[in-house]
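Throughout, read-outs are computed from the coordinates displayed, never taken from laboratory work. Treat the numbers as computed from the prediction; the structure is a model and nothing was measured. Note that each Cβ is placed from the backbone with ideal geometry, even for glycine, and that neighbours are counted across all protein chains shown.
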Amino acid sequence: MPKSVIAPHVAGESSYSPLSAIIDIALSQYGEFAPSSVDAGGKLMLLTLANNIVEEVRQHPYNENADLDYYGSLEDVIEIPDIIMVNGLKYQLAMQQGSAKTQINGMIHYQTLNRVLWNRYNGNSKVSFRPVDGGSNTSFAETTSAKNGQPE
């Protein structure tokens, strides 16, 4: 599995960054806060918002790892790609702040969530729609992949 680390200098050999690094990156990209100006209480609020993203990933139809646990501390590392967490935190923060940035950050978050999880679930393969009742096309293979509809 390729590394999905946004801050490799922080993650070291891990394929995922600790939540503290993800929070700092999200705050920098969000643009209204200097990460160093956010106190411990603010970062703990972001930890609870990060757990909302964990729950979204758990429930996503393209996620095959239902054993994801919530963040318990700012230094926890969870097997969710950093890019999903960063974009998700920006969206969660925009919603929490009642910001006009909510709409664009929401679109970016859900596009990234779907794209990255689909790629992990099925790779970059061709997708076909398949009739579940067999349909009228007899040239359609009897068995197809439930993931992408392609003949098996």
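Annotations
- In this structure, S14 and Q103 have a Cβ-Cβ separation that, at R0 = 41 Å, corresponds to a calculated FRET efficiency of about 0.80.
- Building the convex hull from the alpha-carbon atoms of the range 8-122 and averaging its projection over directions returns 7.0 nm².
- Stretched out straight at 0.36 nm per residue, the stretch from V127 to E75 would grow longer than its current Cα-Cα span by 14.9 nm.
- Charge dipole (debye, nearest 20) of the range 8-122; +1 at Cβ of Lys and Arg, -1 at Cβ of Asp and Glu: 460 debye
- Proxy reagent accessibility, fewest Cβ within 10 Å first, across V77, V57: V77, V57
- Candidate aspartates and glutamates for bridging to K126, where Cα separation is under 17 Å - those fewer than 8 sequence places away on the same chain excluded: E152
- Residue separation of E152 and N63 scaled by 0.36 nm, minus their Cα-Cα distance, works out to 29.9 nm of gained length.
- Going from the residue with the fewest nearby Cβ atoms within 10 Å to the one with the most, S37, S125 rank S37, S125.
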